[in-house]
Amino acid sequence: MKVLVATEKPFAKAAVDGIKQILSDANFETVMLEKYTDKAELLNAVADVDALIIRSDKVTPEVVDAAKNLKIVVRAGAGYDNVDLAACTARGIVVMNTPGQNSNAVAELALGMMIYMSRNKFTPGTGKEIKGKRLGIHAYGNVGRLVGLYGKAFGMEVITFDPYANPEVCQNDGVKMVQSVEELYSNSDFVSVHIPATPETKKSLNYDLLSKMPKGAALINTARKEVVDEEGLEKVLAERADFKYASDVAPENLAQLMEKYPAQVFATAKKMGAETAEANMNAGLAAARQIVDFLVNGNRRFQVNK
Ligand code: 3PG
């Protein structure tokens, strides 16, 4: 079996070594395609492989069409909005993610961004503490839950809105579930966003919702830029000098926002939530193991296109 590791945003070397070791122990061949800039390189590299490991690399219908032997795609990470599930399903290709493997890295960054914005982007002047503030977790999955737990350790009150969350888990964590997204945003000094980008969620964080946030509030987005309605965000920033936005996924209108509201806006230069040695290792090795377990034993536990 031949496995392509196609990571436009490469893994740390130790993670690549670990992936190769797992695949070679199973007598699989590993082919690397890292830091590529031209999608033609990906189309060429997938042509004869049985399995594909990716990060945020796009698996389009064109890629699926080029991958004549492909049986499985594993997205080494949580979100799989970069994979055309319909095209894979139509070809009988199994798609998996590696849930939870990079969550800690993303959660730590969310907390870091909260403190950074509360301390005026580390510029001189009087900031605010996050202790005693209310933290709203928008979706209580692997990342959201960790952000909530870390927030509690900082002395924050934590609430969440997630219709799919297990009420018992929230109760045991000491996290109050609220009944609507409006209730979450109206009552949170910080909202940490952890919803996936789907047709339903895209642009759902709009002017009406964001303007409900209390005075001095900050929105922290380590999820996907597509879930924010950027025009609505800009309108809130223009109307409220007290409102802040920090994002690990630079908005399309970042240059404009930075020029007009430099103290209120922050975005990382390149998405870096999962960019730690540990997260690279955890997600990369899990992806390699899942491929072996599927191709050798037929294990489909993490399949997302059922
Ligand atoms: C994820 O969905 O797992 C995170 O957003 C990290 O994505 P990345 O592997 O593209 O950095």
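Among the residues of segment 203-227, count how many are within 16 Å of the ligand (Cβ to nearest atom) and within 24 Å of residue 127 (Cβ to Cβ). Residues meeting the conditions: 3. With a requirement of 3 or more residues that are crowded, with 19+ Cβ neighbours inside 10 Å and touching a His at 6+ places or on another chain (Cβ under 8 Å), the strands (runs of 3 or more DSSP E) lying completely within segment 122-229 that satisfy it span 190-193.
With the structure loaded, tell me whether residue 20 is at pLDDT below 95 and out of contact with any Phe, Trp or Tyr (no Cβ under 8 Å at 6 or more places or on another chain) or whether it fails that test. No. Screening residue 76 with (1) among the small types (Gly, Ala, Ser); (2) under 17 Å from residue 292 (Cα atoms); (3) more than 19 Å from the chain's Cα centre (by Cα) gives one miss only, at (3).
Of the candidates 41, 62, the single residue that is free of Cβ contacts under 8 Å to residues at least 12 places away in the same chain and either of a type outside the set (Val, Ile, Thr) or more than 13 Å from the ligand (Cβ to nearest atom) (or both) is 41. One residue stands out among those in segment 86-110 that are within 12 Å of the ligand (Cβ to nearest atom) and assigned to a helix (DSSP H, G or I): the one that is nearest to residue 293 (Cα to Cα), which is 103. All but one of (1) crowded, with 18+ Cβ neighbours inside 10 Å; (2) β-branched (Val, Ile, Thr); (3) closer than 23 Å to residue 196 by Cβ; (4) modelled with pLDDT of 95 or more hold for residue 268; which doesn't? If we test residue 268 against (1) crowded, with 18+ Cβ neighbours inside 10 Å; (2) β-branched (Val, Ile, Thr); (3) closer than 23 Å to residue 196 by Cβ; (4) modelled with pLDDT of 95 or more, just (1) comes out false. Restricted to segment 267-297, and to residues there that are away from the ligand (no atom under 13 Å from the Cβ) and polar (S, T, N, Q), the residue that is farthest from the chain's Cα centre (by Cα) is 297. Entry remark, segment 150-186: residues being within 19 Å of residue 118 (Cβ to Cβ) and in contact (Cβ under 8 Å) with a residue 12 or more places away in the chain number 10 in total.
Determine if segment 277-299 includes at least one residue that is part of a loop (DSSP other than H, G, I, E, B), touching a residue at least 24 places away in the same chain (Cβ under 8 Å) and surrounded by fewer than 20 Cβ atoms within 10 Å (Cβ to Cβ).
The first filter runs over segment 277-299 and keeps only residues part of a loop (DSSP other than H, G, I, E, B), leaving 298-299.
Next, from what is left, pick out any that are touching a residue at least 24 places away in the same chain (Cβ under 8 Å): none.
Within segment 277-299, none of the residues are part of a loop (DSSP other than H, G, I, E, B), touching a residue at least 24 places away in the same chain (Cβ under 8 Å) and surrounded by fewer than 20 Cβ atoms within 10 Å (Cβ to Cβ).
Look at residue 242 and say whether it is assigned to a helix (DSSP H, G or I) and surrounded by fewer than 23 Cβ atoms within 10 Å (Cβ to Cβ). No, not satisfied.
Scan segment 65-79 for residues that are assigned to a loop (DSSP other than H, G, I, E, B), within 16 Å of the ligand (Cβ to nearest atom) and either polar (S, T, N, Q) or in contact with a helix residue (DSSP H, G or I) (Cβ under 6 Å, 6 or more places away or on another chain) (or both) and report the count.
Taking segment 65-79 as the starting set, the residues that turn out to be assigned to a loop (DSSP other than H, G, I, E, B) are 67-71, 76-79.
Cutting the leftovers down to within 16 Å of the ligand (Cβ to nearest atom) gives us 76-79.
Restricting the remaining residues to those that are either polar (S, T, N, Q) or in contact with a helix residue (DSSP H, G or I) (Cβ under 6 Å, 6 or more places away or on another chain) (or both) gives 76-77.
Result for segment 65-79: 2.
Can you tell me which of 242, 248 is more than 16 Å from the ligand (Cβ to nearest atom), among the acidic types (Asp, Glu) and within 18 Å of residue 121 (Cβ to Cβ)?
Values: 248 fails: more than 16 Å from the ligand (Cβ to nearest atom).
When all the criteria are applied, what remains is 242.
Does segment 37-44 include one or more residues that are surrounded by 16 or more Cβ atoms within 10 Å (Cβ to Cβ) and either at pLDDT below 95 or of a type in the set (Gly, Ala, Ser) (or both)? No, the conditions are met nowhere in segment 37-44.
Please work out if residue 43 is out of contact with any Asp or Glu (no Cβ under 6 Å at 6 or more places or on another chain) and assigned to a strand (DSSP E or B). First the steps, then the outcome.
Details: out of contact with any Asp or Glu (no Cβ under 6 Å at 6 or more places or on another chain): yes; assigned to a strand (DSSP E or B): no.
In short, no.
The values are calculated or read from the model by the stated rules, or taken from the named source; none is laboratory data. Remember, predicted model here, so these are calculated numbers, not experimental data. Glycine gets a Cβ as well: all are built from the backbone with ideal geometry, and neighbour counts include every protein chain shown.
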